[in-house]
Amino acid sequence: ETGVTQTPRHLVMGMTNKKSLKCEQHLGHNAMYWYKQSAKKPLELMFVYSLEERVENNSVPSRFSPECPNSSHLFLHLHTLQPEDSALYLCASSQNGQGGYGYTFGSGTRLTVV
Amino acid sequence: AQTVTQSQPEMSVQEAETVTLSCTYDTSENNYYLFWYKQPPSRQMILVIRQEAYKQQNATENRFSVNFQKAAKSFSLKISDSQLGDTAMYFCAFLKNTGNQFYFGTGTSLTVIP
């Protein structure tokens, strides 16, 4: 049990599909994050939610749409993706203002866009 | 902007031997945190060790220790008595004292050879 659970573990979708990635944590954290991990590149921060409010959006294309309905759940809605969006999408959580203790990560969703 | 550089894409070490992974970073901040994360084939990023920049003493966690050189902006990870379970990707990461955003390096793939 990692504390941060991501589903699905693998996802294959066509460029015209709509799908959603789900992240759930029961650690009592109040900040959650989406990262994109591509081969040979640093992890890219996509979205930050703190106290359920989105505080950062690092110029992510609008085909990625996050949703944070409460402090325990985070979604990433996907539509009309491109093949270059294929990557491992990692969710993480932390206690707001205590990032110095590190994030807790999920095991990621491996996304393949065909 | 902060950057983190890991100049060793791949490394290998014999079981029970010692290996050192390199990390350098660039920042104008004075207060920050540094981390090493491990990502095994299960894909979950696991915190290995953390260092607070204001502390001169190098952090240690069992077989893992760091060599933190603040002036040189260097943060290397030493793994002693390497075990097969240490085989993984290792990421160096930087966090500003006042921020939520981690900055990651591109990772070093470590293989422990039996």
Give just the number: which of (1) at pLDDT 95 or above; (2) open to solvent by less than 50 Å² (accessible area, probe 1.4 Å); (3) over 10 Å from the mean Cα position of the chain (by Cα) does residue A:9 not satisfy? (2)
So which residues in region A:50-64 are within 11 Å of chain B (Cβ to nearest Cβ) and either open to solvent by 30 Å² or more (accessible area, probe 1.4 Å) or under 11 Å from residue B:101 (Cα atoms) (or both)? A:55, A:56, A:58
Quick check, is residue A:71 over 12 Å from the mean Cα position of the chain (by Cα), within 14 Å of chain B (Cβ to nearest Cβ) and buried (at least 18 other Cβ atoms within 10 Å of the Cβ)? no
Please tell me if residue B:5 is touching a residue at least 24 places away in the same chain (Cβ under 8 Å) and open to solvent by less than 60 Å² (accessible area, probe 1.4 Å). no
List the pairs whose first member sits in region A:10-30 and is within 18 Å of residue A:77 (Cβ to Cβ), whose second member is among the aliphatic types (A, V, I, L, M) and part of a loop (DSSP other than H, G, I, E, B), and whose Cβ atoms are under 7 Å apart, counting only residues at least 6 apart or on separate chains? A:12/A:114; A:13/A:81; A:14/A:114; A:15/A:81
Residues satisfying the stated conditions in region A:76-113, i.e. more than 8 Å from every other protein chain (Cβ to nearest Cβ), free of Cβ contacts under 8 Å to residues at least 60 places away in the same chain and open to solvent by less than 50 Å² (accessible area, probe 1.4 Å): A:76, A:85, A:86, A:87
Based on what the data block shows, is residue A:35 of a type in the set (Phe, Trp, Tyr), closer than 23 Å to residue B:36 by Cα, surrounded by 14 or more Cβ atoms within 10 Å (Cβ to Cβ) and within 14 Å of the chain's Cα centre (by Cα)? yes
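Here is a yes/no grid of residues against (1) at pLDDT 95 or above; (2) within 22 Å of residue A:99 (Cβ to Cβ); (3) surrounded by fewer than 15 Cβ atoms within 10 Å (Cβ to Cβ):
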{"position": "B:1", "(1), (2), (3)": "no, yes, yes"}
{"position": "B:24", "(1), (2), (3)": "yes, yes, no"}
{"position": "B:27", "(1), (2), (3)": "no, yes, no"}
{"position": "B:69", "(1), (2), (3)": "yes, no, yes"}
{"position": "B:88", "(1), (2), (3)": "yes, no, no"}
So, in region B:3-33, exactly how many residues are over 13 Å from residue B:64 (Cβ atoms) and in a strand (DSSP E or B)? 13
All positions within region B:9-44 that are over 12 Å from the mean Cα position of the chain (by Cα) and under 30 Å from residue A:9 (Cα atoms): B:9, B:10, B:11, B:12, B:40, B:41, B:42, B:43, B:44
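The values are calculated or read from the model by the stated rules, or taken from the named source; none is laboratory data. What you see is a predicted model, and the numbers here were worked out from it, not measured in a lab. Ideal geometry is used to build each Cβ from the backbone, glycine not excepted, and the neighbour counts take in all protein chains shown. To get the accessible areas, we keep the full protein, side chains included, count just its heavy atoms, and leave off ligands, DNA and RNA. Shrake-Rupley method; radii C 1.70, N 1.55, O 1.52, S 1.80 Å.
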